[in-house]
């Protein structure tokens, strides 16, 4: 009796296993080869249309300063992000206040302060007015640089070619 039971159990498992394996299961389509950061950046302008438009206007008015800010984010994202976060969190303070609090050398900021102070003040005002959009850019490493190269390239690259 035990042999018969084992034989029937083994046969039943073989049949169930064959049916389970023979039933085709849908295979999910592979996800597009795109990072979440790139996908988020591609939607930034649509998610923040007013901020995007105003940043583009700033870039047109200050193409040299824009290039420095974009390069700064590309080369030293953590410092650029810190500057923008500080700007948002200290609404009554200015560029000189930031420099006094951060007296270590910040090459890009030194260049911006020496040659593009009015543009930097406008950029700080933009960050404060559109803090959610500014933070969204800076939550992606190189986000500001990406915007400069993908959204505003025509406004500043032609003047520096």
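The values are calculated or read from the model by the stated rules, or taken from the named source; none is laboratory data. Remember, predicted model here, so these are calculated numbers, not experimental data. Cβ: placed from backbone, ideal geometry, glycine included. Neighbour counts: every protein chain shown.
Would you mind stating whether residue 45 is out of contact with any strand residue (DSSP E or B) (no Cβ under 7 Å at 6 or more places or on another chain), closer than 23 Å to residue 154 by Cα and modelled with pLDDT under 95?
Spelling it out, residue 45 is indeed out of contact with any strand residue (DSSP E or B) (no Cβ under 7 Å at 6 or more places or on another chain), closer than 23 Å to residue 154 by Cα and modelled with pLDDT under 95.
Among the residues of the range 102-119 satisfying the criterion of being modelled with pLDDT under 80 and assigned to a loop (DSSP other than H, G, I, E, B), which is nearest to residue 70 (Cα to Cα)?
Across the range 102-119, the extreme among qualifying residues is 106.
Exactly one of (1) more than 14 Å from the chain's Cα centre (by Cα); (2) within 19 Å of residue 153 (Cα to Cα); (3) crowded, with 21+ Cβ neighbours inside 10 Å is unmet by residue 61. Its number?
Failed condition: (3).
Does the range 114-128 include one or more residues that are in contact with a helix residue (DSSP H, G or I) (Cβ under 7 Å, 6 or more places away or on another chain), buried (at least 19 other Cβ atoms within 10 Å of the Cβ) and more than 26 Å from residue 47 (Cβ to Cβ)?
There is at least one residue in the range 114-128 that is in contact with a helix residue (DSSP H, G or I) (Cβ under 7 Å, 6 or more places away or on another chain), buried (at least 19 other Cβ atoms within 10 Å of the Cβ) and more than 26 Å from residue 47 (Cβ to Cβ).
Just name the residue that is farthest from residue 139 (Cα to Cα) out of those in the range 66-93 that are more than 20 Å from the chain's Cα centre (by Cα) and surrounded by 14 or more Cβ atoms within 10 Å (Cβ to Cβ).
Only one residue fits best here, namely 93.
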